[in-house]
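What follows is a short report on a single structure.
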């Protein structure tokens, strides 16, 4: 067989084995229940519980932000994010937290926040109200 | 709403109409151009005269180019002139946008970036159009075809009405009132009522002006090698295009690489995530075409020299172009929303983009397969010891790298497809992207390092291996040995505990050494080698820079004495934020930092943070960094946090604010908090220590001009302050602050004072003014102009202007370094009491503002103020005032306790050692491509 063909095949097999061996790096979005069971790091998707307290007291600890979140199964847990409180957090529509479950709290090192998009009409409507006065 | 036609005022519709016409003509002429040039190729291949088709093609492409330039010119005009009737202008500019950001505004939106892409195709194609070379038809036919698709993205043809209308393209000239339904448009004069939304604060910097055009030129330039390849297939010419295409491919790799690197530099300099690469999907998708292009260039070189890897070259260039379109598809479709930190605005063009995406690989690969057998391959296959074999292996490694990155970045697409077939499919996502990609690409980098060394020393069509073997191994082994030594030495500093990183380091040194060795040996014979040295040695240096700044990265903003045990966290969860109280030095990791001051300029607020290194031995290293924040226009939100970096040759110190007190982030919040404070009215006896709750206060009058950030003296101002020294049982160190009242134009202003240690706030109520100023109503005053030595008499006082004092000696005047100050000394004799005393008023200029320090004699209550200096007359103007009041014994104040602190910031500081190696290495790598382009340009025929 052609040497180059052999080389190509070896490398493709290499790539496939990389994909397979790193399968642990990939997982589906988890829930709090899964996090509790496995005790490993995973990503949990959910919504902010806007009716519950959000605590960030930087004078005490600038790297600790506590709030409550509901996952896709509807279970609500306390979350501690090891970062500063992001702006417009209260306006978030969806949160993706990366972390582990510890006792009754989800300790998250990372967060991706989805915010609502701007609505053209509202902006213009509000502006025209103000201008009309 | 009446559905009649309203005659709107102030609109400039002609530009939009012309623009839309130009968009249509650009589309039409792209089609004609393609058909003409393609027919020219077919005629040429058949040996028939093709000149007519070529001429038609030239005219079409020319008109197409003119149309595109017209669209761009019109849109620029509308942006500059701020014609808000156009949706694009409304969305991306505002009245206050500085002119220098108009370019950024142009390509902030999807329409603008499509135009930018189209523009570069016109320019690059224009070069072929002007040169009228042999490959004009080949290249321009493909470019025209690509432009057909890109122009179609900008057509804005709507069929049907409402949200489900079938639309082709978006139109940059759509009117605001046609794209949005709002009641304001019932008003014929709506234009005078609206102002544009403005450019996103994060994009208001010079990077947004230079990064997109460079990156899009990079993308557009990948069309050229693709065009040469595809055009070549159409012409049944499989090898002649190799020579002329090579400099273009090199140019493309250099520019695209530069565009990607600029993105990294922008992220590092202006964003707060602390790095230059995050393996974010958008970043990945611009990197992947570049990797594929580099693979293509290497197989291209082999094909030119030996005829091997010719088929692979076609495949690589087709894939490169495909990946560029795939990248644009992913970014513009918004499917990467959940995995990327970049913001996405859906354009609604998904279906069209998908057609664009599918069309070219299908067309190109079908053509390729059709011609497959006719593409010449050398009889003998590559020898194992030949350069063409090792370079081919290298291209495979690069190809695999591109495929891996694409696969994992496309997980959201795979999820979407899988969910379509199986609604219960659970979407897969990478847990820790940075870790994941680093782990994989480490091996790629390692292999590339080794291969670039071995590849240099092997030779094309190696026929004399027996004789050459000794020399080859000698060079490789010596380089390997030295690399091993260097690796070992470097590891004493580099914190690389994992063996994989150590081997990678070895590979990087190996690449540098073998290439340098090879350069020394061949430069005289073959100076072209310099270009490849730049790229490969540059790659090695870049890898070392990545390892150094990544593995030895240090979080400085951590307080090592913080209690972490409660959460039981592992080392990974590094705390990178620290709180700094204004004026208080804080010990961090290796440095002591103090938040000294901050200043406002429009919506920009800059913070001065002073750093001092904690090295016990060497000279103390001190510096100040100035990160800033940008508020939105009504100060209710912080729009951007901008870092500041201290650059030394061997490390960078990078710092930015991560947070502020809520009152400082949103001034409405500040107002709310202030309103919620419970101010208690109390009376203070002057001069005595008064206890209020847990707090102790001593107060005395202060009649000096207040030194407050928000106060500036104006003629006619009347101010009176109360100097208060306060402490508590808990905080025994006294703090002194001076709240004051200002009377200006019959209005009363209260300036409160905040005591940070005890967290109390004191302000002077209106009744204070009554107590004080009632009696001041009896004040008399007079103004005089005097020269040194003059005397004057007033109200029973004789005042003699004794001398000018420079610098002033008045103890009440607290001078600062850059003050321009002058004092005047008066000897005063009070007739009534036979008293003599001195007054020394001071006049000074600080930071271009005028201040006065009056001087008052407490016994007689005579006050002297130096109001003006008249150099042309050698005289000075003074104001004397006599307050005939007796200081009240008691004054009212208002005191609030437990006021939330607002004098702190949350800071994050990181040290990146060796990061300049990364910039140096990557720049060298790109330089290599440009050098190669120049070299190959000469031999392109």
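At a glance:
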read-out	value
Checklist (1) at pLDDT 85 or above; (2) part of a strand (DSSP E or B); (3) surrounded by 15 or more Cβ atoms within 10 Å (Cβ to Cβ) applied to residue B:803, failing item	(3)
Of all residues in segment B:572-597 being in a strand (DSSP E or B), away from chain A (no Cβ under 14 Å) and without any contact (Cβ under 8 Å) to a residue 40 or more places away in the chain, the one that is farthest from residue B:557 (Cα to Cα)	B:597
One residue from B:324, B:315, B:302 being assigned to a helix (DSSP H, G or I), buried (at least 18 other Cβ atoms within 10 Å of the Cβ), touching a helix residue (DSSP H, G or I) at 6+ places or on another chain (Cβ under 6 Å) and within 14 Å of chain A (Cβ to nearest Cβ)	B:302
Extreme residue, nearest to the chain's Cα centre (by Cα), among residues of segment B:340-361 that are crowded, with 20+ Cβ neighbours inside 10 Å and assigned to a loop (DSSP other than H, G, I, E, B)	B:340
Residue ranges of strands (runs of 3 or more DSSP E) in segment B:655-745 with at least 1 members loosely packed, with under 15 Cβ neighbours inside 10 Å and either within 14 Å of chain A (Cβ to nearest Cβ) or touching a residue at least 60 places away in the same chain (Cβ under 8 Å) (or both)	B:680-685
Residue under evaluation residue B:14, criteria (1) part of a loop (DSSP other than H, G, I, E, B); (2) surrounded by fewer than 22 Cβ atoms within 10 Å (Cβ to Cβ), criterion not met	(1)
Filter result for residue B:462 (facing chain A (nearest Cβ under 10 Å) and either more than 29 Å from the chain's Cα centre (by Cα) or on the phi > 0 side of the Ramachandran plot (or both))	no
Residue in segment B:635-649 that is in a helix (DSSP H, G or I) and within 14 Å of another protein chain (Cβ to nearest Cβ) present	no
Residues within segment A:81-93 that are surrounded by 16 or more Cβ atoms within 10 Å (Cβ to Cβ) and under 18 Å from residue A:50 (Cβ atoms), tallied	5
Tally of residues being facing chain A (nearest Cβ under 9 Å), modelled with pLDDT of 80 or more and assigned to a helix (DSSP H, G or I) across segment B:191-212	1
Search result, residues across segment B:888-914 that are under 30 Å from residue B:545 (Cα atoms), in a strand (DSSP E or B) and away from every other protein chain (no Cβ under 13 Å)	B:910, B:911, B:912, B:913
Residue ID - farthest from residue B:339 (Cα to Cα), chosen from residues in segment B:419-437 that are out of contact with any strand residue (DSSP E or B) (no Cβ under 8 Å at 6 or more places or on another chain) and within 11 Å of chain A (Cβ to nearest Cβ)	B:425
Output for segment B:465-477, where each listed residue is surrounded by 15 or more Cβ atoms within 10 Å (Cβ to Cβ) and over 50 Å from the mean Cα position of the chain (by Cα)	B:468
Qualifying residue in segment B:391-405 (condition: within 11 Å of another protein chain (Cβ to nearest Cβ), touching a helix residue (DSSP H, G or I) at 6+ places or on another chain (Cβ under 8 Å), modelled with pLDDT of 90 or more and loosely packed, with under 15 Cβ neighbours inside 10 Å)	no
Any hit, segment B:103-121, residues being surrounded by fewer than 21 Cβ atoms within 10 Å (Cβ to Cβ), assigned to a loop (DSSP other than H, G, I, E, B) and touching a residue at least 40 places away in the same chain (Cβ under 8 Å)	yes
Residue among B:157, B:145 that alone is more than 14 Å from chain A (Cβ to nearest Cβ), more than 32 Å from the chain's Cα centre (by Cα) and within 29 Å of residue B:197 (Cα to Cα)	B:157
Subset of segment B:173-190 that is touching a strand residue (DSSP E or B) at 6+ places or on another chain (Cβ under 8 Å) and in a loop (DSSP other than H, G, I, E, B) - its residue that is farthest from the other protein chains (Cβ to nearest Cβ)	B:173
Strands (runs of 3 or more DSSP E) fully within segment A:1-117 counting 1 or more residues that are within 12 Å of chain B (Cβ to nearest Cβ) and within 20 Å of residue B:412 (Cβ to Cβ)	A:26-28, A:42-48, A:94-102, A:105-114
Residue match in segment B:644-653 (condition: in contact (Cβ under 8 Å) with a residue 40 or more places away in the chain, under 20 Å from residue A:85 (Cα atoms) and within 33 Å of the chain's Cα centre (by Cα))	no
Checklist (1) within 21 Å of residue B:457 (Cβ to Cβ); (2) within 40 Å of the chain's Cα centre (by Cα); (3) buried (at least 18 other Cβ atoms within 10 Å of the Cβ) applied to residue B:530, failing item	(3)
Odd one out for residue B:494 among (1) within 14 Å of residue B:450 (Cα to Cα); (2) in contact with a helix residue (DSSP H, G or I) (Cβ under 9 Å, 6 or more places away or on another chain)	(1)
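The values are calculated or read from the model by the stated rules, or taken from the named source; none is laboratory data. Keep in mind that what you see is a predicted model, and the values were worked out from it rather than measured. Methodologically, a virtual Cβ is constructed for each residue, glycine included, from the backbone with ideal geometry; neighbour enumeration extends over all protein chains shown.
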